[in-house]
Amino acid sequence: MATNQFGDLDKKTLTQIYQLMVKSRVLEERLIKIYRAGESYFWIGGPGEEAWGVPLGLLARKGQGPAFDFFHLHYRCTPTLLSLGLTMVDSIRLMMNRATDPSTGGRNFSNHYCFPQWNVAPVTSPLEVQYPIACGTAHVQKRLGKKSITIVTGGDAGTAEGDFASSLILASRKGQELPMLITVQNNKWGISTSYEGQHGETNIADRAKAFNIKSRVINGNDPVETYIALKEDMEYIRNTGKPAFIEAHVSRLYGHSSASGANPVQNEIDPVKEFEQRLLKAKVITDDEAKKTWADFEAEGIRATEQARSEAVPTAESVWDHTYAQNENADWRKF
Amino acid sequence: MANMAQAIRMALHYAEKNYQLKDVFGQDVGAPLGGVFTATQGLETAWNSTLDERGIIGMAMGIAMAGDRCVAEIQFADYIFNTIDLLKIAGNTLWCTNGQYNLPLTVMTPVGAGIRGSVYHSHSFDAWASRLAGWKVVMPSNPLDAYGLLLSCILDPNPCMFLNPKALMRVRGEDLIPGEPADERDLKNLIDAPIGDRSKWKAKWPAIQEHLVPIGKAKITREGQQITVVSYGRHLLLCNEVADQLKAEGYSVEVIDLRSIYPYDWQAIKNSVLKTGRVLFVNEDTDVTNFGEHLCYRVTTELFYHLMAAPKVLAGKNVPGIGLHPHLEDNSVPQKHEIESLIREICAEVP
Ligand SMILES: Cc1ncc(C[n+]2csc(CCOP(=O)(O)OP(=O)(O)O)c2C)c(N)n1
């Protein structure tokens, strides 16, 4: 095997990354099909972010509570979630707003995951709020001193929000630096508004430099480059207790969301196909293995859809549930 | 007798010693100042945040998410408005996650007029806060309640908003906080930071004890038969004064200190109105879509056939700001004489 083009990554890791990337793509395409079939109201997700998101999930210290890494993700994070252990059926339950959806119980959109057992903070629709919230979990981790870190992700257009700057400032105060991996997935779009024309900075990552934050731009469509960069930066953060910043250039392969049609785009790099070709060429995987990988996940997706379809939906009476902790009454009619 | 700023300080101290409160933070909250109203002087866990309200609320949410207790201060409620979507998210996180992530955090912020604070040191927030589903919202009118409500907020598993009427921060109450020295000069010597160099100063805390005011429980501060007046915060004291004055003329005014805006004590209001048949709601937030309107609506629809007079709301005028000149401020937020004349008017109404 030609290890030099894959860094130090062994065959097992490369295959694992590949499998998860394919799984993520198949799952997202399944979600889009569910939307098209009229079985869901809205789709948004991460086709084009597999090469970035899979290594991120694999490299983190997974667990619950501040001794483990925290994730504050945006709505293109299926690849990361699958790497953490998300099952297809749980993603589809969210897509089909079933009562069995473990993230939101049928209350929120696709890709708005929440898994406390892996410290996955709830994905929110309001852009960029995850950045200052992430500073809070990092603050607690710093106090605990277990070398756990907080990871935050978001889009390029959203960096115009003040919350993005808030996190750079909070994470970099001298003597009070926070153990955070602050990242941006730059797909060069904010819905229909292109990156060009909205930015004066050369790279978004340059903004982190102004705060003395270790910062770099990577090709987020290359899972090997991503894996190596993430590994280095996570180690740097654990060792120094200081933040690091990564701007990853990624693709957006089905447009913004179902609101813009969720149709495949032709002129952007497909990181899954590209990585597959590399692995085939280097004989890390065979043609048959590749075909089987796609087919197996496809079958799993169909089974998961049938499963979710058969499950209960939220009841009307449940609207008040979990307004307050321990289901304390929050309805003024009953005060 | 402690003033409200000292009561808040003692509650925070009690919580950092007994409730594992880990962070008290906000603008100028840490040393050397200890808060612009001195409410956080001498605390072990107090620290200065960046000058960034969204950063403060966001961090509080993250701290709560990671399992620690914190109290975050917004220096004046006038500057909380740019955090409203974060406050909404804090309130809906438990609900959106179907019960998975509760955020036990307390935000405290000084509210209201009464100190000639002009346009941007006079805003109220009670009506706005009442629309933040998932939050509990309280507003004390005296130091002992401030102590007890703040402790209840810190213990509560939900996000809690503690609105402190800034005009009352230096006002003393009528009741000692359990463990507080009887002589207020002693208390001052123990817990007020000296003027000048404070670098070596440490608070000497009295052996204060737990005292909890349950969220959602009102208190009758004046008993009466003829009319119910429901208020909270600064205006509660004005209502008490008016009730006392009118007593000399033979009026019998019942005053209820609501103390909690949400959840609120409907049973206390209902029982009182069933007795009096007349009711006035008083607060200083602007009067269009005011919290008193909600209560007034509820009285009207649920107790209609028990009413002897139309229920009324006295609140701030719906003007863009509280002007600095006393003529402007006094004509914008409810004054004592207005409370008095409305009470007379409602009592005079014949069905
Ligand atoms: C605060 C806020 N403003 C506006 C929106 C509506 N909106 C949803 S996604 C989006 C574009 C986001 O672009 P970017 O940050 O680059 O992320 P991408 O979707 O490209 O991954 C907008 C404007 C929102 N969700 N939140």
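The values are calculated or read from the model by the stated rules, or taken from the named source; none is laboratory data. Please read these numbers as outputs of a predicted model, since none were measured by experiment. In this analysis, Cβ positions are derived from the backbone assuming ideal geometry, glycine residues included, and neighbour counts consider all displayed protein chains.
Scanning the stretch B:3-60 for residues that are polar (S, T, N, Q) and more than 14 Å from chain A (Cβ to nearest Cβ), which turns out surrounded by the fewest Cβ atoms within 10 Å (Cβ to Cβ)? So, considering only residues that are polar (S, T, N, Q) and more than 14 Å from chain A (Cβ to nearest Cβ), the one surrounded by the fewest Cβ atoms within 10 Å (Cβ to Cβ) is B:Asn18.
Considering the conditions (1) more than 16 Å from the ligand (Cβ to nearest atom); (2) at negative phi; (3) of a type outside the set (Lys, Arg), A:Asn212 is excluded by exactly one of them, (2). For B:Asn98, the requirement of being in contact with a Gly (Cβ under 7 Å, 6 or more places away or on another chain), more than 9 Å from chain A (Cβ to nearest Cβ) and not hydrophobic (A, V, I, L, M, F, W, C) is not met. Under the condition of being more than 14 Å from chain B (Cβ to nearest Cβ), within 16 Å of the ligand (Cβ to nearest atom) and part of a loop (DSSP other than H, G, I, E, B), the residues counted in the stretch A:41-73 number 9. When each of B:Thr93, B:Thr106 is tested for being at pLDDT 95 or above, farther than 18 Å from B:Phe162 by Cβ and not aromatic (Phe, Trp, Tyr), the lone residue that passes is B:Thr93. Assigned to a helix (DSSP H, G or I), within 19 Å of the chain's Cα centre (by Cα), within 14 Å of the ligand (Cβ to nearest atom) and at pLDDT 95 or above: does that describe A:Phe164? Judged against the criteria, A:Phe164 is a match. Within the stretch A:54-74, the set of residues being among the aromatic types (Phe, Trp, Tyr) and either surrounded by fewer than 21 Cβ atoms within 10 Å (Cβ to Cβ) or more than 24 Å from A:Val26 (Cα to Cα) (or both) comprises A:Phe68, A:Phe70. With respect to the stated conditions, A:Ser148 fails to be outside any helix (DSSP H, G or I) and either among the charged types (D, E, K, R) or within 30 Å of A:Asp270 (Cβ to Cβ) (or both). Being assigned to a loop (DSSP other than H, G, I, E, B), away from the ligand (no atom under 16 Å from the Cβ) and touching a residue at least 24 places away in the same chain (Cβ under 8 Å) is a property that A:Glu128 lacks.
B:Leu151 satisfies every condition listed in (1) at the interface with chain A (Cβ under 10 Å from one of its Cβ atoms); (2) within 14 Å of the chain's Cα centre (by Cα) except (1).
Of all residues in the stretch A:281-335, exactly one satisfies the criterion of being on the phi > 0 side of the Ramachandran plot and surrounded by 13 or more Cβ atoms within 10 Å (Cβ to Cβ), namely A:His322. The single residue among A:Leu170, A:Leu178 that is facing chain B (nearest Cβ under 10 Å), touching a Gly at 6+ places or on another chain (Cβ under 7 Å) and more than 11 Å from the ligand (Cβ to nearest atom) turns out to be A:Leu170. Condition check for B:Thr93 on (1) surrounded by fewer than 24 Cβ atoms within 10 Å (Cβ to Cβ); (2) within 14 Å of chain A (Cβ to nearest Cβ); (3) polar (S, T, N, Q): one failure, at (1).
The set of residues in the stretch A:238-280 being surrounded by 14 or more Cβ atoms within 10 Å (Cβ to Cβ), without any contact (Cβ under 8 Å) to a residue 12 or more places away in the chain and closer than 21 Å to A:Val54 by Cβ consists of A:Leu280 alone.
Could you tell me which numbered condition B:Val350 fails, if it satisfies all but one of (1) touching a Lys or Arg at 6+ places or on another chain (Cβ under 6 Å); (2) in a loop (DSSP other than H, G, I, E, B)? The number of the failed condition is (1).
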